[in-house]
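Okay, structure first, notes after.
Values quoted throughout were computed directly from the atomic coordinates according to the rules given, and no laboratory measurement underlies them. Predicted model, so just to flag it, every value in this text is computed and none were measured. Don't worry about glycine lacking a Cβ; one is built from the backbone with ideal geometry, like all the others, and counts go over all protein chains shown.
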Amino acid sequence: MRIELLYSDPALLVCVKPAGVLSQSDGAMDLSSILKAQEKRTFAQPAHRLDREAGGLVAVAGTQWAAAALSDSLAAGQWEKTYLAVVRGSPELPEDELRDLLFHDVRRNKTYVVVRPRRGVREAVLCYRALAQQDGLTLLSVKLLTGRTHQIRVQFSSRGMPLQGDGRYGGGSGPLALWSARLSLPHPGTGERMTFCAPPPDDSPWDLFSDVFTEKPTDWLMTI
């Protein structure tokens, strides 16, 4: 397996993670291990997580000091992350903000929408825009305003629109239709704003919306 690189220097690497590859693990073949063998250099862990079943853009720190800088900028809200998702059904509004309280059960590795604040409950906010519909499915551009475990998956599933292929949250079998398509962040060394885009693969169900991805990324990625 070869990982596609969009940017690489001693402090930062931005790549396209294939679906099915772990972002982080304890000794198993994860993204860092694959990159180490491919690029013949060591890396700190990825600066953020992407669900194993999801694919797309991931930023990887080249050193421990870069990892700390990226973690700080992420915590300060200086990153912008936009995803593509294919959901079953269609939203009531073509564009909206979703706001929920989420609780992640670590033992079950599953996130739930709850109605009251309590220990372990965190607010989750995202914005979406519907881009196209086909065969009972809707292609969405989703911008995360918070970064909670399984956030996109559970927020849409709780509204009766599970992501296609998301068996954990009611979307049936098949590939998970979630793709990290745009990533904008400050370089950990220089602070320069860097923005990357990557379209999803031609596989199902993305191939239903291939006409959308012939346009410029600014046409199918929502910026707010």
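One table, with the values for the structure above:
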quantity: Number of positions in region 120-140 that are within 28 Å of Arg108 (Cα to Cα), of a type in the set (Gly, Ala, Ser) and buried (at least 16 other Cβ atoms within 10 Å of the Cβ); calculated: 1
quantity: Sole residue being in contact (Cβ under 8 Å) with a residue 24 or more places away in the chain and in contact with a strand residue (DSSP E or B) (Cβ under 7 Å, 6 or more places away or on another chain), chosen from Gly120, Gly56; calculated: Gly56
quantity: Answer from Asp207, Asp203 - the residue that is free of Cβ contacts under 8 Å to residues at least 24 places away in the same chain, out of contact with any strand residue (DSSP E or B) (no Cβ under 9 Å at 6 or more places or on another chain), farther than 26 Å from Ala124 by Cα and not in a strand (DSSP E or B); calculated: Asp207
quantity: Residue match in region 41-58 (condition: exposed (fewer than 14 other Cβ atoms within 10 Å of the Cβ) and either within 14 Å of Arg159 (Cα to Cα) or not hydrophobic (A, V, I, L, M, F, W, C) (or both)); calculated: yes
quantity: Single residue of region 144-182 satisfying the filter (within 17 Å of Thr82 (Cα to Cα) and of a type in the set (S, T, N, Q)) that is farthest from the chain's Cα centre (by Cα); calculated: Gln155
quantity: Looking only at region 5-20, and only at residues there that are touching a residue at least 60 places away in the same chain (Cβ under 8 Å) and closer than 22 Å to Ala85 by Cβ, the one that is surrounded by the fewest Cβ atoms within 10 Å (Cβ to Cβ); calculated: Leu6
quantity: Considering residues of region 172-191 that are assigned to a loop (DSSP other than H, G, I, E, B) and in contact with a strand residue (DSSP E or B) (Cβ under 7 Å, 6 or more places away or on another chain) only, the residue surrounded by the most Cβ atoms within 10 Å (Cβ to Cβ); calculated: Ala177
quantity: Residue check for Lys110: surrounded by fewer than 16 Cβ atoms within 10 Å (Cβ to Cβ), within 17 Å of the chain's Cα centre (by Cα) and on the phi < 0 side of the Ramachandran plot; calculated: yes
quantity: Residue match in region 35-42 (condition: over 24 Å from Thr146 (Cβ atoms), hydroxyl-bearing (Ser, Thr, Tyr) and touching a Phe, Trp or Tyr at 6+ places or on another chain (Cβ under 7 Å)); calculated: no
quantity: Number of the exception - Leu145 against (1) touching a helix residue (DSSP H, G or I) at 6+ places or on another chain (Cβ under 9 Å); (2) crowded, with 16+ Cβ neighbours inside 10 Å; (3) of a type in the set (A, V, I, L, M); calculated: (1)
quantity: Matching residues in region 32-76 - criterion: being within 19 Å of Thr190 (Cα to Cα) and assigned to a helix (DSSP H, G or I); calculated: Gln64, Trp65, Ala66, Ala67, Ala68, Ala69, Leu70, Ser71, Asp72, Ser73, Leu74, Ala75
